[in-house]
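**Q** Let me give you the structure first, and then I'll get to my questions.
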Amino acid sequence: MSLKKDTIQKNRVCVITFPPLKAGLTPLSNLIDILTSSSDEVYLITGNAGYYHFTDNKNIHLYGIFHSTGNRSVNRIKNYICTQFKIAYLLLKIINKVDICIFFLGGEMLVLSLIPAKLFKKKTITMLSGYSIKYEKDILSKIVTKLCTINFNLVDKIILYSPRLINEWNFEKYSHKILIAPRHFLNFSNFKLNVEFSQRNDFIGYVGRLSEEKGIINFIESIPLILKQKPYLNILIIGDGDLKSNVNKYLSQNGLENNVKLVGWSSHEDLPKYLNSLKLLVIPSYTEGLPNIMLEGMACGTPVLATGVGAIPDIINDEKTGFIMENNSPECIAKNVFRAMEHPNLENIIENSIIFVKDNFTYKKAVERYSEILSNIQ
């Protein structure tokens with residue numbers, strides 16, 4: 001997508017990310033699309049899947065590294081430090097070509113990569129799509145927390161998706177440098193209602209990483225409770241992640257294979273097809289920024305049931321544009337699945353949700369937001 005260049009002052013921007021997982025490719029692509037219309041030049045330093053995803057993009061200057069995780073804690077730490085030095089080296093090579101450095105998708109931990117930007121007095125922004133440090137349980141937890149704290153103290157600005165996140169993530173001490181700006185927009189020619197709700201089969205679903213902070217274990221533990229009252233339902237789980245084996249084990253031990261379909265990771269192009277097959281999308285996360293899948297589901301006319309974390313309550317007004325549950329315990333998930341599916345005004349809720357995302361998440365609005373931010377940060 002692109003918009004005609006306007007008279008707003010443009011900037012040379014560099015986006016720096018830790019090598020992202022597949023789940024990060026859509027938010028990173030959205031941000032790059034926005035910046036190519038709101039900046040003079042865009043540089044991207046990333047790695048692994050992130051690098052290969054952008055190799056054909058002629059609108060940016062792409063620089064990449066390869067990161068290997070490692071199996072042991074010592075190797076993970078060593079490889080992590082090595083990757084930070086690689087990213088810092090690439091940024092140092094182009095530092096005189098950029099005005100603003102945006103740290104995104106793990107960028108809040110790239111302290112070594114932040115040093116060149118600070119030494120050369122470039123404007124720095126950390127953009128947070130989520131904040132799940134408290135779910136780290138290994139030896140890296142304290143290191144990660146310390147790196148993030150250093151980053152937040154050093155950068156000029158921090159971009160959050162909602163004012164709600166300031167309190168939820170205990171960011172009050174950074175409030176003087178926080179800007180609110182979702183980078184979300186939808187391609188409404190792809191994400192739209194293709195299958196009327198009344199014509200859909202009895203499928204409910206989960207789409208996202210199979211990781212602890214996303215509440216996937218809570219969701220699968222709610223399935224026996226759901227099927228006890230609604231045995232005709234089928235459940236679709238789309239995604240991949242660290243807890244995939246745990247999910248498979250639980251489904252097998254509880255004899256749920258016939259009711260649950262595990263799709264694995266889905267391409268972004270296939271998501272509208274899946275979303276148009278669901279009668280309810282469940283987002284049982286412990287923590288969120290502003291989940292793209294929620295907006296995509298709403299655009300496809302799929303009711304969304306979510307925990308009220310992050311920016312979700314900014315979008316979902318309970319029983320108006322979707323459904324909010326009090327917590328993500330299996331019992332609470334099951335209870336609210338019944339409430340949502342049996343709601344007498346479900347068709348109105350679907351219509352309201354489609355109107356809401358079409359009014360608020362256009363490409364034009366996203367570009368306008370970031371044009372203003374970049375012109376004011378100089």
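The values are calculated or read from the model by the stated rules, or taken from the named source; none is laboratory data. All of these numbers come straight from a predicted model, not from anything done at the bench. FYI the Cβ positions are ideal-geometry reconstructions off the backbone, even for glycines, and counts take in every protein chain you see. Just the protein is used for accessible areas: all its heavy atoms, side chains included, with ligands, DNA and RNA removed. Shrake-Rupley method; radii C 1.70, N 1.55, O 1.52, S 1.80 Å.
**Q** Considering the Cα positions of region 9-153, please state its Rg to one decimal place and its Dmax as a whole number of Å.
**A** Values for region 9-153 (Cα only, Rg and Dmax): 14.6, 48 Å.
**Q** How would you classify region 69-131 from its alpha-carbon gyration tensor, with a ≥ b ≥ c the square roots of the eigenvalues: rounded for a/c under 1.5, else prolate if a/b is greater than b/c, otherwise oblate? Intermediate results must be reported in sequence, preceding the final value.
**A** Working: a/c = 3.04, a/b = 1.59, b/c = 1.91.
Oblate shape, in that a/c is at least 1.5 and b/c is the bigger or equal ratio.
**Q** May I pose another question? Return the whole-Å distance between the Cα centroid of region 94-120 and the Cα centroid of region 8-38.
**A** If you average the Cα positions of each part, the centres end up 14 Å apart.
**Q** Can you tell me which aspartates and glutamates have their Cα less than 13 Å from the Cα of Lys118? Leave out same-chain residues fewer than eight positions away.
**A** Asp99, Asp156
**Q** When the accessible area of the chain is split by element with a 1.4 Å probe, what percent falls to carbon and sulfur? Mind dumping the intermediate values first?
**A** On the way: 8470 of 16940 Å².
The C+S portion of the solvent-accessible surface of the chain is 50 percent.
**Q** What whole-number value in Å² describes the accessible area per residue of the chain for a 1.4 Å probe? Please list the in-between numbers first.
**A** Details: 16940 Å² over 378 residues.
Dividing the accessible area of the chain by its residue count gives 45 Å².
**Q** Another question, if that's okay. Tell me the GluC sites (Glu not before Pro) within region 275-338 that lie in a loop according to DSSP and have at most 15 other beta-carbon atoms within 10 Å. Walk me through the intermediate numbers first.
**A** Numbers: sites: Glu288, Glu296, Glu319, Glu326, Glu331; in loops: Glu288, Glu319, Glu326.
Counting only loop positions with at most 15 other Cβ atoms within 10 Å, the GluC sites (Glu not before Pro) in region 275-338 are Glu326.
**Q** With only alpha-carbon atoms counted, please give the Rg and Dmax of the chain, in Å.
**A** 21.0, 63
**Q** Also: Binning every alpha carbon pair distance of region 134-204 at 5 Å from zero, what are the percents per bin?
**A** The percentages, shortest bin first, are 3, 11, 15, 14, 13, 10, 8, 10, 8, 6, 1.
**Q** Could you calculate the FRET efficiency of Lys121 with Lys58 from 1/(1 + (r/R0)^6), where r is the beta carbon distance between them and R0 is 35 Å, rounded to 0.05?
**A** After rounding to 0.05, the efficiency reads 0.70.
**Q** Would you list, by chain and number, the lysines whose Cα falls below 24 Å from the Cα of Lys358, excluding same-chain residues fewer than 8 positions away?
**A** Lys358 reaches Lys4, Lys5, Lys192, Lys273, Lys279, Lys320.
**Q** Binning at 10 angstrom from zero up to the longest distance, how are the C-alpha pair distances of region 197-360 distributed in percent?
**A** Result, from short to long distances: 11, 44, 38, 7, 0 percent.
**Q** Moving to a separate point now. Once the Cα atoms of helix 244-253 and of the chain are each reduced to a long axis, what angle between those two axes, in degrees from 0 to 90 to the nearest 10, is obtained?
**A** Approximately 10 degrees, to the nearest ten.
**Q** Could I ask something else about it? Taking Cα atoms of region 196-283, Rg/Rh with Kirkwood Rh, to two decimals?
**A** Working: Rg = 12.5 Å, Rh = 13.3 Å.
On the Cα set of region 196-283, Rg over Rh gives 0.94.
**Q** Rounded to whole Å, give me the distance from the Cα center of region 184-207 to that of region 285-321.
**A** Between the Cα centres of region 184-207 and region 285-321 lies a distance of 14 Å.
**Q** Based on DSSP H runs of at least 4 residues, each adding -39500 (n - 2.57), what is the mean residue ellipticity at 222 nm of the chain after dividing by all its residues, to the nearest 500 deg cm²/dmol?
**A** That comes out to -12000 deg cm²/dmol.
**Q** In whole Hz, what ³J(HN,Hα) sequence does region 285-292 give by Karplus (6.51, -1.76, 1.60; θ = phi - 60°), x for Gly and Pro?
**A** 5, 7, 8, 8, x, 9, x, 4
**Q** Now for a separate question. Multiplying the sequence separation of Asn194 and Lys365 by 0.36 nm and subtracting their Cα-Cα distance, what value in nm do you get?
**A** Answer, rounded to one decimal: 59.1 nm.
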